[in-house]
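Have a look at the structure below before the remarks.
The values are calculated or read from the model by the stated rules, or taken from the named source; none is laboratory data. Keep in mind the model is a prediction, meaning the values are calculated, not measured. Cβ sites come from the backbone with ideal geometry, for glycine too, and all protein chains shown count toward neighbours. Accessible surface is based on the protein model in full, side chains and every heavy atom, while ligands, DNA and RNA are left aside. Shrake-Rupley method; radii C 1.70, N 1.55, O 1.52, S 1.80 Å.
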Amino acid sequence: MIDVAVNGYGTIGKRVADAVKEQDDMQVVGVAKTRPNFEARNAVEQGYPLYAAVEDRAERFEEAGVEIEGPVEEMLAEADVVVDATPSGVGAQNSQMYEDYDVKALYQGGEDADVAERSFNAAANYGDCVDCDSVRVVSCNTTGLLRVLHPLERNHGVGKVRATLVRRGGDPSQHGRGPINDILPNPVSIPSHHAPDVRTVMDVDITTTGFKVPATLMHVHSLNVETSASRSEVLETLEGESRVRFLDADDGVESTAEIKEMMLDEGRPRGDAWENMVWRDSVSVDDGELYLFQAIHQESDVVPENVDAVRAVTGYEDGDESVRRTDDALGI
Ligand code: NAD
């Protein structure tokens, strides 16, 4: 069994913990939180050993009646791998602690690429990350781009890629985020950070632009890829990818709200959409250029990638088999 600790039990961390729990070759040895809120109580109720992430706030847990096992360092001593799912930039501050405890570390996409030995995406570069001491699972948007671009490049070759990312203003629980009534070019400069982020994993000529909109459910990408593949070849290639799922407008799935409703109806935990959701009707090839629209569930698409990254850093060599095991366990 691989012993996995999760430091930072928020949007990503709690989902990764639950996904790890579903696997038959790994277990959660603890989760660490900074404060005793409803997520902390829920973690204890679910049976996760809870640790205090910040030593001088440990007494707050006691005051709130939430039982903790000890400080985060004790959790690290139990773990083979720590998944750092703290807010952007905090992972880098934690990296020395992980080295001191000789624990393999996974970081998230909010960290700079140089926080880890490699950036990771299961489809694109699993093999490069086997036995690394640390990897950074790239962001939700970058994961969504790589899941489509890598198989297209492998099977058909791709030329110039242009992607417009319509990004949610915040996650559903982030009541302080915006915009409320606006459309922001974000960033106003081009390219957005996503293009260089894709290139931390895959060598491809890509330019990305980004907008933020008053939405919380998902991101939507409009993708334009130079390729020699026909529409049917593109469909065949992407239909072979377990983490790319096709939607049909005729089926009544015309929006991100309907995707979320569909996931809830299917009984997905928290209504999560782990796969890229590609509208089949949008897939078009015109004069050597592919167009498609896909929706990306920012809260959950990186979750199966984190599970695979755990296997990679602990030396499990077969990336395809890891993806299959993760997907089977989650029900993808
Ligand atoms: P979040 O704010 O929902 O959760 C972070 C958790 O870490 C919170 O519970 C916070 O209290 C806790 N925390 C803060 N400081 C800590 C510390 N020093 N030690 C331990 N815990 C600490 O954030 P999130 O959305 O889960 O994002 C986590 C990482 O995942 C970021 O790098 C982010 O960029 C990345 N990411 C987020 C999304 C998304 O859309 N939410 C998608 C992909 C990747």
Over the chain, the sum of -39500 (n - 2.57) across DSSP H runs of at least four, divided by residue number and rounded to 500 deg cm²/dmol, gives at 222 nm -9500 deg cm²/dmol
The chain: angle of helix 319-330 to the longest principal axis, Cα-based, in degrees nearest 10: 70 degrees
Taking Cα centroids, how far is region 312-332 from region 59-130 in Å? 20 Å
Rank Gln174, Gln27, Gln294 by mean-square fluctuation in a GNM of the chain with C-alpha springs under 10 angstrom and give only the top-ranked residue. Gln174
Report for the chain the percent antiparallel among DSSP-assigned beta bridges with both residues inside it, nearest 5. 35 percent
Cα gyration tensor of region 69-168 diagonalised, 5x eigenvalues square-rooted, in angstrom largest first, produces semi-axes 31, 15, 10
Rank Val66, Val135, Val225 by mean-square fluctuation in a GNM of the chain with C-alpha springs under 10 angstrom and give only the top-ranked residue. Val66
Taking the Cα atoms only, what angle lies between the long axis of helix 90-100 and the longest principal axis of the chain, rounded to 10 degrees? 60 degrees
Convex hull of region 1-115 built on C-alpha atoms - directionally averaged projected area, nm²: 6.6 nm²
So how much slack lies between Asp100 and Ala113, counting 0.36 nm per residue of separation and subtracting their Cα-Cα distance, in nm? 2.6 nm
Quick one: order Arg325, Arg268, Arg177 from most to least accessible surface, probe 1.4 Å. Arg177, Arg325, Arg268
Give the angle, between 0 and 90 degrees and rounded to the nearest 10, that separates the Cα long axis of helix 256-265 from the longest principal axis of the Cα atoms of the chain. 60 degrees
Per residue convex hull volume, Cα atoms of region 140-296, in Å³: 121 Å³
Less than 15 Å Cβ to Cβ from Ser232, Lys/Arg counted +1 and Asp/Glu -1: what total charge do the surrounding residues give? -3
Residues with beta-carbon under 14 Å from that of Glu45, excluding Glu45: net charge, scoring Lys, Arg +1 and Asp, Glu -1? +1
Using a ≥ b ≥ c from the Cα gyration tensor of region 226-332 (square roots of the eigenvalues), is it rounded, prolate or oblate, where a/c under 1.5 gives rounded and otherwise the larger of a/b and b/c decides, a/b for prolate? oblate
In nanometres, the difference between 0.36 nm per residue of separation and the alpha-carbon distance of Thr164 and Ser255 is 31.1 nm
Hey, which of these cross-link pairs are over 32 Å Cα-Cα: Lys33/Lys260; Lys104/Lys260; Lys160/Lys212? Lys104/Lys260
If Lys and Arg each add +1 and Asp and Glu each add -1, what is the summed charge of the other residues whose beta carbon sits under 15 Å from the beta carbon of Asp286? -2
At 0.890 mPa s and 25 °C, plugging the Kirkwood radius over alpha-carbon pairs of the chain into Stokes-Einstein gives what diffusion coefficient in µm²/s? 121 µm²/s
